[in-house]
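Below is one structure; the comments refer to it alone.
The values are calculated or read from the model by the stated rules, or taken from the named source; none is laboratory data. Source: prediction; values computed, not measured. Cβ sites come from the backbone with ideal geometry, for glycine too, and all protein chains shown count toward neighbours.
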Amino acid sequence: MFDELEQLLPFIGKPIQYVGGEVNSVIKDWDGALVRWALMYPDAYEVGAPNQGVQILYEVINERADALAERTYAVWPDLEALMREHGVPQFTVDAHRAVGDFDLLGLSFSTELGYTNMLTALDLAGIPLLAADRVDGHPLVVAGGHAAFNPETIADFIDAAVLGDGEEAVNLITDIVRDWKLAGRPDGRAGLLLELAKTGSVYVPSLYDVDYLPDGRIRRVAPNRADVPSRVRKHTLMDLDAWPYPKNPLVPLAETVHERMSVEIFRGCTRGCRFCQAGMITRPVRERSITGIAEMVDNGLCKTGYEEVGLLSLSSADHSEIADIARNLADRYEGSQTSLSLPSTRVDAFNVDLANELSRNGRRSGLTFAPEGGSERMRRVINKLVSEEDLIRTVTTAYAGGWRQVKLYFMCGLPTETDDDVLQIATLAREVIKAGREVTGRRDIRCTVSIGGFVPKPHTPFQWAAQLDHETTDARLFKLRDAIRADRQYGKAIGLRYHDGKPGIVEGLLSRGDRRVGSVILQAWRDGARFDGWSEHFSYDRWMAAAEAALADHPVDVDWYTTRERERAEVLPWDHLDSGLDSEWLWEDWQDAITEVAVEDCRWTPCFDCGVCDQLGTEIQVGPTGVVDLPAPTVRADSPVLTAP
Amino acid sequence: MARPAPDRDVAPTVQRLRLRYAKRGRLRFSSHRDFQRAFERALRRADVPMAYSAGFNPHPKVSYANAAPTGVASEAEYVEIGVAARCDPGKIRAALDEALPPGLDVVDVVEARTPDFAQRLEASVWQVELPGVPLDEARGAVGRFLVEEEILVERLTKNGIRSFDARAAVISLDCAPGDGPNPDCAILRVVVRHGTPSVRPDDVISALRRVADLVPPKPPRVTRLAQGPLDEAGTSVADPLAPDRAG
């Protein structure tokens, strides 16, 4: 259907994002595939195209002889309007096929703010918005990604959800769909969903009922059939070296938010930062070996031509062989116009050494650290163990190493936080500049403080916490701004970037909500909500009006979902979804947070019984492998260079 | 402490190569910036030994000339590269064409042997397909266009709406029937001299609307067929790479 779309492209912005044709994209024969997946990242192409999760699944599925995968992204409102006017359905960018023609629509949710974009896509695809209204022939709508760890707020719209790593899960689902089709589709759509649910690895919301107490809390969530397990477990991929994906990273023509290649150097994190959902739900730590990493960097650069490689993970400096990896890669690519980067968040001098190593020849512009909490007390609460002395020493080391700009990330609205905890950020930034000027003898060093509102997330020790209301969040941020502005000596060297508290309240509603929030999402979407992660499209008032209307008949409201602290006994909407974390451990860790007790990283200290390794039969996989040298790089045989006669 | 940037070219130029490439099919929606990124990545995938400029952020030596607008296809776009080791133009053509996605196709590569290449790009030959426009209607509009000496059109630019003449730069304009199953698709062939402000095919279409109320019911499909030095008759252009081939 590219012909129909082509007629609309001259009238919209950035048409290149809708035409596909990326280097390393694949178009497979439609009739030759038994199972057909449309994969969606529910945001604009420029955000969705670089997403590693979608790229990995796209390749894993397309490597199978019996299946194909194509990609689709959220269309901007200018194209949406023209598609509605001309009857053009939601399409894939690979072969421009209608999304409604696929067997499955897989959505990867990194954030809850993509939910309304899912509804736009379903509507444009001609797929009924409510799963209950779908019949045989409609694609199965499957949600994954971090936000799928509480898919209850979108339970009305999805047919299934998958928790955890997707590589093996997508093969499991593809096998089941294939076998069901080959068997003549026994019992239709319902039969397929039941097969998926019986595995205990795929959550099918329609097979679970939720009962509520009169006060609005959940009484229980239970399967409505005897052959469906009462809990659904997350998937954990144990051998990263066996899955070196993406092997053929996509190179978009359009400009995207990440103009670089990414190599995931490990998955999971056991630092135990209590606010961090990603760290909690991706346990245990599984490292890729130095050999595997070097092969992926070499292969990826040959296949993409990118000039920059990011070594990704939740805390890349924590890889047990990172020093050898960084030194060897820096040696190999020195003078080759290829740069390496490590998203630096850990606050210690070792991280500065690594950054120095990776930028031997390049410009040292900015370095980022994430202390997250403004005061030492706050950092004990969130379990981000950095003393003020360490922080100042680390940042000073960075300035001394030639870095001119340091960015510090913080959160506002953390449990037990007071105005004073946040105001200490101003003191800290001042000390950082003061020490930096002393050590460098220069006045052109800068420190940028970036701060946003904290949103408590499911499957973390803060899942019971009260979210701070947006008025208090904003007031606290203004006090911080005023304190920095009032500093005549150092204030000009300190930049402040902050995000207001309102979007965080909507994110909080969608993060910790239950099935009743589904009607709020639907109402907000009907009222025009799209691209909620984009400030120019987001409307707080629209969401609040939608919530008021949709929750009018329930004893709950937005405050109940967001600013209310939960008690131990309350059934949480996601309690039947097993992230491997033991709820008793989470509660104890929450109590430790309140009493400012910190815990160590279990990679190097005894186990704290978080439950993951025991319950899921997994283990922490940390090197060292004993290997120091990199494997030999690819040798090009087909050089266009003339050789001397 | 601040470290000094290298002051010499990281890899000096030993040879310059001039390339003609085509922008076809769905990739005609790539912008010039999109092409630049795709091209520089293709150079790396094809292992072309690029020359690089000096500084903390060395850039590969690439000069782009006179790119066609986003949405317009082209058979004749030109780019010049500097390499740090002598290369075989035929191998460069094949390697780069292979490395670029289908739709961005390298069709010709010659070693640069002459100066002032950009100045040879005097004019372009454009083909404008007008789906849904019968030949007679298009012929009538072309006739009215050609009798005018000046036709003012407006275009939205960075500095707001600009009004300029779209007639004087048009050296020739003729009209042919669409081929085969599509008789209701007149095809214009227009030769436009490059200049300032540059007159683009959509300006010619605006001018046709102005003089003859020609409003294509569907978006026109535009292709640059050639660009180069004007021939003596002024109805076509010559191959701008010919002097390099001869030299």
Enumeration of residues in region B:54-71 that are surrounded by fewer than 20 Cβ atoms within 10 Å (Cβ to Cβ) and more than 11 Å from every other protein chain (Cβ to nearest Cβ): B:Ala54, B:Lys61, B:Val62, B:Ser63, B:Tyr64, B:Ala65, B:Asn66, B:Ala67
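From the list A:Val635, A:Val628, A:Val558, A:Val597, exactly one residue is surrounded by fewer than 14 Cβ atoms within 10 Å (Cβ to Cβ) and in contact with a helix residue (DSSP H, G or I) (Cβ under 6 Å, 6 or more places away or on another chain). Which is it? Break it down into steps so the answer makes sense when it comes.
Numbers: A:Val635 fails: in contact with a helix residue (DSSP H, G or I) (Cβ under 6 Å, 6 or more places away or on another chain); A:Val558 fails: surrounded by fewer than 14 Cβ atoms within 10 Å (Cβ to Cβ); A:Val597 fails: in contact with a helix residue (DSSP H, G or I) (Cβ under 6 Å, 6 or more places away or on another chain).
Residue meeting the stated conditions: A:Val628.
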Residue satisfying condition, being outside the structural domain of A:Pro458 (by TED's automatic domain parsing), in contact (Cβ under 8 Å) with a residue 24 or more places away in the chain and not basic (Lys, Arg), within set A:Glu195, A:Glu264: A:Glu264
Conditions (1) under 22 Å from A:Leu113 (Cα atoms); (2) within 14 Å of chain B (Cβ to nearest Cβ): number failed by A:Asn51: (2)
Region B:15-41, residues that are under 23 Å from B:Ala112 (Cα atoms), touching a residue at least 60 places away in the same chain (Cβ under 8 Å) and facing chain A (nearest Cβ under 7 Å): B:Ala38
Criterion: of a type outside the set (Lys, Arg) and part of a strand (DSSP E or B) - qualifying residue of B:Val215, B:Val191, B:Val204, B:Val199: B:Val191
Any hit, region B:66-73, residues being more than 23 Å from B:Arg224 (Cα to Cα) and free of Cβ contacts under 8 Å to residues at least 40 places away in the same chain: no
Pair list, Cβ under 6 Å, 6 or more apart: region A:245-260 residue at the interface with chain B (Cβ under 9 Å from one of its Cβ atoms), other residue outside any loop (DSSP other than H, G, I, E, B) and of a type in the set (Gly, Ala, Ser): A:Leu253/B:Ala38
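Within region A:226-258, which residues are over 28 Å from the mean Cα position of the chain (by Cα) and surrounded by 12 or more Cβ atoms within 10 Å (Cβ to Cβ)?
The answer is A:Val228, and nothing else.
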Failed criterion for A:Glu46 (all others in (1) under 25 Å from A:Leu301 (Cβ atoms); (2) buried (at least 20 other Cβ atoms within 10 Å of the Cβ); (3) of a type outside the set (A, V, I, L, M) hold): (2)
Qualifying residue in region B:89-99 (condition: facing another protein chain (nearest Cβ under 9 Å) and either over 22 Å from A:Pro640 (Cβ atoms) or touching a Cys at 6+ places or on another chain (Cβ under 7 Å) (or both)): no
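Restricting to region A:145-180, count the residues that are among the polar types (S, T, N, Q) and in contact with a Gly (Cβ under 9 Å, 6 or more places away or on another chain). Spell out the reasoning first.
Within region A:145-180, the first condition is being among the polar types (S, T, N, Q), and the residues that meet it are A:150, A:153, A:171, A:174.
Cutting the leftovers down to in contact with a Gly (Cβ under 9 Å, 6 or more places away or on another chain) gives us A:150, A:153.
Counting residues in region A:145-180 that are among the polar types (S, T, N, Q) and in contact with a Gly (Cβ under 9 Å, 6 or more places away or on another chain) gives 2.
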Hey, B:Ser74 part of a strand (DSSP E or B) and either hydrophobic (A, V, I, L, M, F, W, C) or crowded, with 20+ Cβ neighbours inside 10 Å (or both) or not: yes
Residue in region A:287-307 that is surrounded by fewer than 18 Cβ atoms within 10 Å (Cβ to Cβ) and aliphatic (A, V, I, L, M) present: no
Residue in region A:328-342 that is on the phi > 0 side of the Ramachandran plot, among the small types (Gly, Ala, Ser), buried (at least 22 other Cβ atoms within 10 Å of the Cβ) and more than 17 Å from the chain's Cα centre (by Cα) present: no
Looking only at region A:1-48, and only at residues there that are among the polar types (S, T, N, Q) and out of contact with any Phe, Trp or Tyr (no Cβ under 8 Å at 6 or more places or on another chain), the one that is nearest to the other protein chains (Cβ to nearest Cβ): A:Gln7
Matching residues in region A:311-327 - criterion: being within 24 Å of B:Pro58 (Cα to Cα) and within 23 Å of the chain's Cα centre (by Cα): A:Leu311
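Of these, B:Val153, B:Val109, B:Val128, which one is away from chain A (no Cβ under 14 Å), of a type outside the set (Asp, Glu) and either crowded, with 17+ Cβ neighbours inside 10 Å or not in a loop (DSSP other than H, G, I, E, B) (or both)?
Values: B:Val109 fails: away from chain A (no Cβ under 14 Å); B:Val128 fails: away from chain A (no Cβ under 14 Å).
Selected residue: B:Val153, the only one of B:Val153, B:Val109, B:Val128 that is away from chain A (no Cβ under 14 Å), of a type outside the set (Asp, Glu) and either crowded, with 17+ Cβ neighbours inside 10 Å or not in a loop (DSSP other than H, G, I, E, B) (or both).
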Of all residues making up region B:218-247, the number that are more than 14 Å from chain A (Cβ to nearest Cβ) and assigned to a loop (DSSP other than H, G, I, E, B): 12
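Report yes if some residue within region A:216-226 is of a type in the set (A, V, I, L, M), touching a helix residue (DSSP H, G or I) at 6+ places or on another chain (Cβ under 7 Å) and within 16 Å of A:Leu577 (Cα to Cα); otherwise report no. So that I can check it myself, show each step before the final result.
So the first thing to find is which residues in region A:216-226 are of a type in the set (A, V, I, L, M), and the list is A:218, A:221-222, A:226.
Filter again for touching a helix residue (DSSP H, G or I) at 6+ places or on another chain (Cβ under 7 Å), leaving none.
Scanning region A:216-226, I find no residue that is of a type in the set (A, V, I, L, M), touching a helix residue (DSSP H, G or I) at 6+ places or on another chain (Cβ under 7 Å) and within 16 Å of A:Leu577 (Cα to Cα), so the answer is no.
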Any strands (runs of 3 or more DSSP E) falling wholly within region A:201-293 and containing at least 1 residues that are of a type in the set (Val, Ile, Thr) and either touching a Gly at 6+ places or on another chain (Cβ under 9 Å) or closer than 30 Å to A:Gln17 by Cβ (or both): A:261-264
Residues (free of Cβ contacts under 8 Å to residues at least 12 places away in the same chain and assigned to a loop (DSSP other than H, G, I, E, B)) located in region A:372-393: A:Ser387
For A:Ala95: the one exception among (1) assigned to a helix (DSSP H, G or I); (2) within 14 Å of another protein chain (Cβ to nearest Cβ): (1)
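Which of the following residues is of a type in the set (Asp, Glu) and free of Cβ contacts under 8 Å to residues at least 24 places away in the same chain: A:Asp318, A:Asp348, A:Asp331, A:Asp298?
Working: A:Asp318 fails: free of Cβ contacts under 8 Å to residues at least 24 places away in the same chain; A:Asp348 fails: free of Cβ contacts under 8 Å to residues at least 24 places away in the same chain; A:Asp298 fails: free of Cβ contacts under 8 Å to residues at least 24 places away in the same chain.
Criteria check complete, one pass: A:Asp331.
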